[in-house]
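Peer 1: Can you read through this structure? Questions will come right after.
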Amino acid sequence: MRAAPVLIASVVAFAAMEGVIFHTGLYPWILNPDASTGYVETILRNEQNRPKNGPQVLGIGDSRMLLLPRLSNEHTAETGYTFGTIATAGSSPRSWYYMLRDTDPTARQYRAIVLAVESYDDAEKWVDEADNDADLSYVIPLLGLSDLWEYTWSFHDPKQQWKAARGILFKGLVYKRDFEDLMLDPVSRVRYVKLNRRDAFSWNYGYNGPPDTLVGFHVDWEAKTLTAPPNAAPGLVQNVKGRLFDPLPPESGTRNRYMKYWLGKIYERYRGSPARLIFLRLPRGGFVRPDQPPYHPRSSVRDLAAQPNVTLIEEHFFDPLEKPELFRDELHLNGPGMDRFSLMITQEVSRILGPPR
Amino acid sequence: MLFNTPQFFLFLLVTLGLFYVSPKPLRRWILLIASYFFYMSWNWRFAPLLLSLTVIDYVAAIWMERVESPRRRKLFLVLSLAANLGFLGFFKYYNFLAGMLAEAMRRDPHAFALSIVLPLGISFHTFQSMSYVVDVYRGEQKAIRNPIDYALFIAFFPQLVAGPIVRAREFFANYYNWVPPVSEEKLRGVLWILLGLAKKMALADQFAQIADSYFMNLAAHPGAPAAWSGVGAFAMQIFFDFSGYTDMAIGMALLLGFHFPTNFRRPYLAFSITDFWHRWHISLSRWLRDYLYIPLGGNRHGSLMTYRNLMLTMLLGGLWHGASWNFVIWGGYHGALLGLERVFGRKNFQEPPHWLVYPFRAAMTFVLVCVGWVFFRAATLHDSVYVLQQMFSWHGKGILIPAWLGCMLAVSLVIALLEEKTEWIERLAQGPAWAYVAAVAMLLLSVELIGVTEKAVPFVYFQF
């Protein structure tokens, strides 16, 4: 037996096994639907399988993009549009690009993609979003070998680049935790996955949002103090305080570069397609701090707005929702807030698009 | 640079490449430079220490061979041993002895303590050096004249850090008659490396998480099931960790055309403690036998002296592992068990029992070994006593080892039993290509999927 051919055959056999299990839909089928990777898989599969009659509108964003298609679609008869969403908690513009690529491979399925951003000014964050290591677990099933170069170099930290590169090459490394969890109780996992495949769409579609509010919280901007009702959870009080009084990060242009790159890539995908990209600025919270990030005339979305198929919903359109009674925590709308938010999106997007042709 | 890191594999590939493309006279230099680079990548400040020990033993051996007078020969031997044991003693045992002294003087236990970093692999390379000078003194080994050759024997990177402890005559017989590895050896080398990597990352590091969670927070896991599973997890961790390291060392050496002795032979299938020590860390057992037990008198001076020698050897063997009373007790415990087995008839514990009895004897031995591991792993003597109390408390619930890891263990046991009977892993490289290919692919997949890759967990024996 000669060594070189046998060793090459061994590597090929490993690559083939790895490829069959992880680079096809085989393992993603069994992913834990409650973990980030499995959750994204579920959301995307639900959207892909949703019957699409008539012109479609798709929402995307993070956990604050609380568009309820159920409410929007109650108005389909008058608007002519059917709404869906693949907004995912914790997802980032980089992930949105790959999620959209997977959901809408031809870039022609939707009349509009509604992208919810935190700020029209590319407000800086304390951490470099390009190095968000959670991103990889959101999109790992969506990445192929052709993404190796671009996805890897989109991280700035060499450690994250290494992690991304080896993750794309050897997806099992990213699925490891899920696999260990699967091994703990494979029977229950299979049962839960089956249940999820059957019912997850209706669970998400029928979601109502929690009734909790921030009523009872009072802010003294001068003294920089927050008064919370006695029954407020300490964690919530801490988070609201942090959101309102923590210093804002200094402008460095890092986030602007990141947003320009990934929103630019999304735009490139939809250039020349019938879909319009509609950006909205999310409601900022039940209380809005007076020291907002500076106006950025060349921000990613403002630059894109000059393009023919891009529209920015008026920046302060959702300001009426920025009330304590419509927020359940420092970031997220509550049930009634979600209802109003969804209706406002539906009406405004339908107005922008005009009646379907 | 740990064996289980991408950096090490890059280093290995570069070293192998340079070694095989270089002309023969340069190869020893390549290996020596690579070995020192490997050593210095951990802490370059200790390179002079390794170098000075190498020079001392190299010179001492040559002088021992040159001089005629037995007294002067002995003097050189003593000087060399004193240098080795002096360095080892200072780095490894100073704080232990200083602590005892402080306690005896009723002072703060850290009163005389120094902040000492243990040089990598010092326990191993000093033992290897000492065996060489003793062999030269006894006339069993010729002094090595080429300093590069000798320096390579001490610093050879596959076994520098945690063995196996290779005898000079084994190493140089191989070295001076070096032939490039044939295809079967190359395949075997790669297989051993991957097998070792899988043992380390997919099994040892998984069990380490359980053992650590148990031993680092004993109060959180009361009761016998938790104690047995915590100790059992450590038993698995230390075996897969150390034997994994050794497998990798053997594999790397094979790829470079060197043959290292076997260091582990499925120790948890041992049917007695005597048998266990013929299977566990064999190169150390052999060293202790040849350079400690036999020079002490071995079994040549009656039963009582034999027991004394056995006990002394095991106590010192325990102390070799680390400077703490726990290691001494661990050594003493094994010494006592070996003594007991001698009392009840040595033959019964050296020859395999009837196959029907074998599983019970093996299980019994495993339990006894696990009891010993308590002293080895627990941070303090107090912790050891607590764990032992829990193990034999017969109450509590909650096994810490998850079912899937238990299944992995069952698979490993089947593999070990088959290996015990047929040595199929040894012969895999000679068998059909498809079997080898399947084995390598499975090993790689196991490292990928269940190996702990988030961080490189150091090998347990690196601390010794």
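Since every read-out is calculated from the coordinates, none of them should be taken as a lab result. The model shown is predicted, which means the values in this text are computed figures rather than measured ones. All Cβ positions, glycine included, derive from the backbone under ideal geometry; neighbour counts span all protein chains shown.
Peer 1: State whether chain B is rounded, prolate or oblate according to the following rule on the C-alpha gyration tensor (a ≥ b ≥ c being the square roots of its eigenvalues): a/c under 1.5 gives rounded; otherwise a/b larger than b/c gives prolate, and the remaining case gives oblate.
Peer 2: rounded
Peer 1: How do B:ASP57, A:ASP303, A:ASP246 rank when sorted from fewest to most other Cβ atoms within 10 Å of their own Cβ?
Peer 2: Working: B:ASP57 28, A:ASP303 19, A:ASP246 10.
Ordered by Cβ neighbours within 10 Å, fewest first: A:ASP246, A:ASP303, B:ASP57.
Peer 1: Measure nothing fancy, just the Cα-based angle from helix A:93-103's long axis to the longest principal axis of chain A, in degrees from 0 to 90, nearest 10.
Peer 2: Tilt of helix A:93-103: around 60 degrees.
Peer 1: Indicate the gyration tensor shape class of chain A (rounded, prolate or oblate), computed on the Cα atoms with a ≥ b ≥ c the square roots of the eigenvalues: a/c under 1.5 is rounded; otherwise a/b larger than b/c is prolate and the rest oblate.
Peer 2: prolate
Peer 1: Same structure, new question: Can you give the Kirkwood hydrodynamic radius of the range B:6-178 from its Cα pairs, in Å with one decimal?
Peer 2: Working: mean 1/r = 0.0568 Å⁻¹.
Here the Kirkwood hydrodynamic radius works out to 17.6 Å.
Peer 1: Let me ask something additional. What residue among A:VAL12, A:VAL193, A:VAL40 shows peak mean-square fluctuation when chain A is described by a Gaussian network model with Cα springs under 10 Å?
Peer 2: A:VAL12
Peer 1: Let me have the relative contact order for chain B, percent, based on Cα pairs under 8 Å that are six or more residues apart. Display every interim value, and only then the final one.
Peer 2: On the way: 588 pairs, mean separation 86.8, N = 464.
The value is 19 percent.
Peer 1: OK, next. If each residue's Cβ is checked for other Cβ atoms within 10 Å, how do B:PHE11, A:PHE279 rank with the fewest at the top?
Peer 2: On the way: B:PHE11 17, A:PHE279 21.
Placing the least packed residue first, the sequence is B:PHE11, A:PHE279.
Peer 1: Springs between alpha-carbon pairs under 10 angstrom, Gaussian network model over chain A: which of A:VAL310, A:VAL11, A:VAL127 fluctuates most?
Peer 2: Highest fluctuation among the options: A:VAL11.
Peer 1: Place +1 on the Cβ of every Lys and Arg and -1 on the Cβ of every Asp and Glu in the range B:1-114, take the dipole about the Cα centre, and give the residue among B:ALA104, B:PHE76, B:LEU16 whose Cα lies farthest towards its positive end.
Peer 2: Farthest along the dipole direction, towards plus: B:PHE76.
Peer 1: Give me B:SER131, A:SER202 sorted ascending by neighbouring Cβ count inside 10 Å, so fewest comes first.
Peer 2: Ordered by Cβ neighbours within 10 Å, fewest first: A:SER202, B:SER131.
Peer 1: Continuing with this model, one more query. Can you list residues from other chains, or at least 5 along the same chain, whose modelled amide H is less than 5 Å from the amide H of A:PHE327?
Peer 2: A:LEU214, A:ASN334
Peer 1: In degrees from 0 to 90, rounded to the nearest 10, what is the angle of the helix A:3-22 Cα long axis to the longest principal axis of chain A?
Peer 2: Tilt of helix A:3-22: around 40 degrees.
Peer 1: For the range B:362-441, run through the chymotrypsin sites (Phe, Trp or Tyr not before Pro) and keep only the ones in DSSP coil with at most 11 other Cβ atoms within 10 Å of their Cβ. Can you show the working numbers first?
Peer 2: Numbers: sites: B:PHE366, B:TRP373, B:PHE375, B:PHE376, B:TYR386, B:PHE392, B:TRP394, B:TRP404, B:TRP424, B:TRP434, B:TYR436; in loops: B:PHE392, B:TRP394.
Here the sparse-neighbourhood loop sites are B:PHE392, B:TRP394.
Peer 1: Moving on. Would you be so kind as to identify which of B:LEU296, B:GLY232, B:ALA249 lies farthest towards the positive end of the dipole of the range B:222-316, taking Lys and Arg as +1 and Asp and Glu as -1 on Cβ and the Cα centre as origin?
Peer 2: Highest projection toward the positive end goes to B:LEU296.
Peer 1: Here is a follow-up. Over 20 Å between Cα atoms: which of A:LYS159/B:LYS199; B:LYS92/B:LYS199; B:LYS74/B:LYS142 fall into that group?
Peer 2: A:LYS159/B:LYS199; B:LYS92/B:LYS199
Peer 1: Projected onto the charge dipole of the range A:94-160 (+1 at Lys/Arg Cβ, -1 at Asp/Glu Cβ, origin at the Cα centre), which of A:PRO158, A:LEU136, A:ALA107 gives the Cα projection farthest towards the positive end?
Peer 2: Farthest along the dipole direction, towards plus: A:ALA107.
Peer 1: How large is the charge dipole for chain A, taken about the Cα centre, if only the Cβ atoms of Lys, Arg (+1) and Asp, Glu (-1) carry charge, to the nearest 20 debye? Intermediate values should be presented prior to the final figure.
Peer 2: Values: 42 positive and 43 negative charges, 249 e Å.
Dipole of chain A, to the nearest 20 debye: 1200 debye.
Peer 1: Would you mind counting up the charge near A:GLY264? Only other residues with Cβ under 11 Å from its Cβ, with Lys and Arg at +1 and Asp and Glu at -1.
Peer 2: On the way: positive: A:ARG257, A:LYS260, A:LYS265, A:ARG269, A:ARG271; negative: A:GLU268, A:ASP303.
Neighbourhood net charge equals +3.
Peer 1: Given axes a ≥ b ≥ c from the Cα gyration tensor, I'd like to know whether the range B:101-207 is rounded (a/c under 1.5), prolate (a/b larger than b/c) or oblate. Don't skip to the end; give the middle numbers.
Peer 2: Numbers: a/c = 3.38, a/b = 1.36, b/c = 2.49.
Taking the square roots of the gyration eigenvalues as a ≥ b ≥ c, the range B:101-207 is oblate.
Peer 1: While we're on this one: Calculate for chain A the 222 nm mean residue ellipticity that helices alone would give, adding -39,500 (n - 2.57) per DSSP H run of length 4 or more and normalising by residue count, nearest 500 deg cm²/dmol.
Peer 2: On the way: 14 runs with 162 residues, N = 357.
Calculated from helices alone, the mean residue ellipticity at 222 nm is -14000 deg cm²/dmol.
Peer 1: Of the cross-linked pairs A:LYS171/A:LYS241; A:LYS163/A:LYS260; A:LYS171/B:LYS455; A:LYS171/B:LYS397; A:LYS176/A:LYS241, which ones have a Cα-Cα span greater than 29 Å in the structure shown?
Peer 2: Details: A:LYS171/A:LYS241 40 Å; A:LYS163/A:LYS260 24 Å; A:LYS171/B:LYS455 17 Å; A:LYS171/B:LYS397 37 Å; A:LYS176/A:LYS241 37 Å.
A:LYS171/A:LYS241; A:LYS171/B:LYS397; A:LYS176/A:LYS241, as the Cα separations exceed 29 Å there.
Peer 1: Next up: What is the mean number of Cβ atoms from other protein chains located within 10 Å of the Cβ atom of each residue in peptide B:434-446, rounded to a whole number?
Peer 2: On the way: counts 3, 0, 6, 10, 4, 2, 7, 10, 4, 2, 9, 8, 1.
Partner Cβ neighbours, averaged per residue: 5.
Peer 1: Would you mind checking the tilt of helix A:158-169 against the longest principal axis of the Cα atoms of chain A, expressed as 0 to 90 degrees and rounded to 10?
Peer 2: The helix A:158-169 is inclined about 60 degrees to chain A.
Peer 1: Helix-only mean residue ellipticity at 222 nm, chain B, DSSP H runs n ≥ 4 weighted -39,500 (n - 2.57), per residue, nearest 500. What is it? Numbers along the way, then the final one.
Peer 2: Values: 22 runs with 313 residues, N = 464.
Helix-only estimate at 222 nm: -22000 deg cm²/dmol.
Peer 1: Report, by chain and number, residues whose modeled amide H sits under 5 Å from the one on B:GLU140, excluding near sequence neighbours (fewer than 5 apart, same chain).
Peer 2: Long-range HN contacts for B:GLU140: none found.
Peer 1: Please identify the DSSP H helices in chain B that span no less than 30 Å along the helix axis (Cα) and have a mean Kyte-Doolittle hydropathy of -1.0 or more.
Peer 2: Details: long enough: B:224-255 (45 Å, 1.00).
Counting only whole DSSP H runs, the qualifying helices are B:224-255.
Peer 1: May I pose another question? Evaluate the charge dipole of the range B:108-247 about its Cα centre and quote only its size in Debye, nearest 20, assuming +1 on the Cβ of each Lys and Arg and -1 on the Cβ of each Asp and Glu. Write out the running numbers ahead of the final one.
Peer 2: Working: 9 positive and 11 negative charges, 74 e Å.
Computed about the Cα centre, the dipole is about 360 debye.
Peer 1: Same structure again: Give me the net charge of A:TYR138's neighbourhood, meaning all other residues with Cβ under 12 Å from the Cβ of A:TYR138; Lys, Arg count +1, Asp, Glu -1.
Peer 2: Working: positive: A:ARG94; negative: A:GLU41, A:ASP62, A:ASP102, A:ASP133, A:ASP135.
Local net charge: -4.
Peer 1: Magnitude of the Cβ-charge dipole of chain B, K/R +1 and D/E -1, about the Cα centre, nearest 20 debye?
Peer 2: Working: 37 positive and 26 negative charges, 234 e Å.
In debye, rounded to 20, chain B gives about 1120.
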